[in-house]
Amino acid sequence: MEVEVGFLGLGIMGKAMSMNLLRHGFKLTVWNRTLSRCDELVEHGASVAETPAAVVKKCKYTIAMLSDPSAALSVVFDKDGVLEQICNGKGYIDMSTVDSDTSSKISEAITSKGGSFLEAPVSGSKKPAEDGQLVILAAGEKALYEEALPAFDVMGKKSFFLGHVGNGAKMKLVVNMIMGSMMNAFSEGLILADKSGLNPQTLLDVLDLGGIANPMFKMKGPTMIQKSYSPAFPLKHQQKDMRLALALGDQNAVSMPVAAAANEAFKKARSMGLGDLDFSAVHEAVKFPESSS
Ligand SMILES: NC(=O)C1=CN([C@@H]2O[C@H](COP(=O)(O)OP(=O)(O)OC[C@H]3O[C@@H](n4cnc5c(N)ncnc54)[C@H](OP(=O)(O)O)[C@@H]3O)[C@@H](O)[C@H]2O)C=CC1
Ligand SMILES: O=CCCC(=O)O
């Protein structure tokens, strides 16, 4: 019998990931808080359910891709949420980027009702999600990981199983903390090149040939020079990840002055109204640090 898979949260990432699953023949039931966002998925063969509980009732396992800890908790614990229908034999896989405390809270609630839980945040953005090239950072119930591997293989190019709940969340936050700090250093470099009379495009060419060449500089550099910030990874989510990574640093007494400064720039960018743009829009806050909302 074909397994029915649920998908909660059809934002930039959820839409791309669920489209990919449909394309590869998965039988999908979807839900999104703003229900109209399900329409395009339905056109491509998905069923839609009115609540997260209704999705879980129908599906063997359900994947979630939600904005932040409060959204992840709300979809599980609120009325008509996941907890109302999760039970023995059903799985819940949260792929949102959250902190390990949030993930553990969800895990405890799911397993106390007999369900199984996996956290599986991802590295990679809109395009890798569309192309099935994400890197999946899973932790939690190994049997559920194995059950979900066919779906992970479609959504990603590589899946890691990192052990107990919390390890996936922590790995993801460490990666994004590095990425957010790099984005700030990159912005400063582009601005310094420009203000000191160099051609920023030539800087990109030089960077791309050296030891710090990387896909992020290559992809974001040209659009940052053009001040084009169409969102692939919304800046408000990157700032959330910096905040959660800094909290992880607090918990472990790890001093992170570079990440803290980068977080300030992302906060400044949010105060300038740039939160829904791509995280590379932090470039504007670095360029005009005295601006306010
Ligand atoms: N974009 C990227 O490049 C990447 C993002 N991530 C992470 O993936 C997650 C999703 O990101 P992305 O798709 O970009 O984000 P979007 O902002 O595009 O989508 C967020 C989703 O969460 C839903 N949501 C928000 N608040 C609530 C709530 N209170 N209750 C129920 N649903 C809610 C939204 O529903 P609605 O449509 O109703 O607003 C939407 O479906 C985030 O945790 C992000 O950090 C990870 C890797 C890459
Ligand atoms: O969380 C977002 C990650 C974006 C990326 O890995 O490019």
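The values are calculated or read from the model by the stated rules, or taken from the named source; none is laboratory data. Please read all numbers here as calculations on a predicted model, not as lab measurements. Cβ: placed from backbone, ideal geometry, glycine included. Neighbour counts: every protein chain shown.
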Please determine whether any residue of segment 270-291 is part of a helix (DSSP H, G or I), among the acidic types (Asp, Glu) and in contact with a helix residue (DSSP H, G or I) (Cβ under 7 Å, 6 or more places away or on another chain). yes
Please verify whether VAL48 is surrounded by 20 or more Cβ atoms within 10 Å (Cβ to Cβ) and more than 20 Å from ALA143 (Cα to Cα), treating the condition exactly as stated. no
So, in segment 10-47, how many residues would count as being of a type in the set (Val, Ile, Thr) and in contact with a strand residue (DSSP E or B) (Cβ under 6 Å, 6 or more places away or on another chain)? 3
Residues being away from ligand 1 (no atom under 12 Å from the Cβ) and either in a helix (DSSP H, G or I) or basic (Lys, Arg) (or both): count how many of those fall in segment 41-78. 9
Regarding segment 228-250, can at least one residue be identified that is outside the structural domain of ALA129 (by TED's automatic domain parsing) and over 21 Å from ASN176 (Cα atoms)? yes
Do we have any residue at all in segment 152-174 that's within 20 Å of GLY11 (Cα to Cα), of a type in the set (A, V, I, L, M) and away from ligand 1 (no atom under 16 Å from the Cβ)? yes
Which residue out of ASP80, ASP39 is on the phi > 0 side of the Ramachandran plot and either in contact with a Phe, Trp or Tyr (Cβ under 8 Å, 6 or more places away or on another chain) or not small (Gly, Ala, Ser) (or both)? ASP80
So which helices (runs of 4 or more DSSP H) stay within segment 134-245 end to end and still have 2 or more residues that are in contact with a strand residue (DSSP E or B) (Cβ under 9 Å, 6 or more places away or on another chain) and either among the charged types (D, E, K, R) or at pLDDT 95 or above (or both)? 142-155, 167-195, 215-225
In this structure, is ASP94 assigned by TED's automatic domain parsing to the domain that holds MET17 and over 19 Å from VAL5 (Cβ atoms)? no
Got at least one residue in segment 178-200 being under 16 Å from the mean Cα position of the chain (by Cα) and surrounded by fewer than 18 Cβ atoms within 10 Å (Cβ to Cβ)? yes
Could you grab the pairs with beta carbons closer than 7 Å, sequence gap of 6+ or different chains, first residue in segment 1-25 and farther than 14 Å from PHE233 by Cβ, second one of a type in the set (S, T, N, Q)? GLU4/THR29; GLY6/THR29; GLY6/THR62; PHE7/SER18; LEU8/THR62; GLY9/ASN32; LEU10/SER18; LEU10/ASN32
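Listed here are the residues, each with its yes/no results for (1) within 16 Å of ligand 1 (Cβ to nearest atom); (2) among the hydrophobic types (A, V, I, L, M, F, W, C); (3) under 16 Å from the mean Cα position of the chain (by Cα).
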{"site": "SER104", "(1), (2), (3)": "no, no, no"}
{"site": "SER116", "(1), (2), (3)": "no, no, no"}
{"site": "GLY132", "(1), (2), (3)": "yes, no, yes"}
{"site": "ILE136", "(1), (2), (3)": "yes, yes, yes"}
{"site": "ALA139", "(1), (2), (3)": "yes, yes, yes"}
Single residue of segment 23-40 satisfying the filter (surrounded by fewer than 17 Cβ atoms within 10 Å (Cβ to Cβ) and not basic (Lys, Arg)) that is nearest to ligand 1 (Cβ to nearest atom): THR34
